[in-house]
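Every read-out reported here was derived from the displayed coordinates using simple, explicitly stated rules and does not represent laboratory data. Here the structure is a predicted model, which is why all the values come from computation and not from measurement. Counting neighbours? That spans all protein chains shown, and the Cβs are built from the backbone with ideal geometry, glycine included.
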Amino acid sequence: MVTECGINATVTLDQWSDVFADLYARIARRFTRTEVRERVRRCLIGLLGKVERKNGWQLAEAIGDGAKGDNPGGSGATRTPRR
């Protein structure tokens with residue numbers, strides 16, 4: 001089966017790595033920094049993988065991007081300094 005964008009929608013497990021490599025190559029060239037390209041690769045794996053719910057923190061947890069509460073300044077719980 002071919003979709004409108006010309007990508008074969010029926011892929012065997014043997015072809016998966018080649019299809020993923022092609023998709024990644026199309027996207028990765030838009031990012032000049034290697035750290036960002038690596039993060040994009042991990043995000044793609046998470047999005048295409050078996051993460052039950054693909055919201056921000058569950059996706060980050062699935063790809064190993066920081067531990068729970070590892071968000072400096074944005075943890076949601078703010079503390080007012082004592083005077």
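First measure r as the distance between the Cβ atoms of Leu13 and Asn55, then evaluate 1/(1 + (r/R0)^6) with R0 = 30 Å and state the FRET efficiency to the nearest 0.05. Walk me through the numbers before you get to the answer.
Details: r = 27 Å, r/R0 = 0.90.
The value I calculate is 0.65.
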Legend entry - Spin-label model distance (nm) - Ala21 vs Leu44, 7 Å beyond Cα toward Cβ: 1.2 nm
Legend entry - Prolate/oblate/rounded call for region 14-56, Cα gyration tensor, a/c under 1.5 rounded: oblate
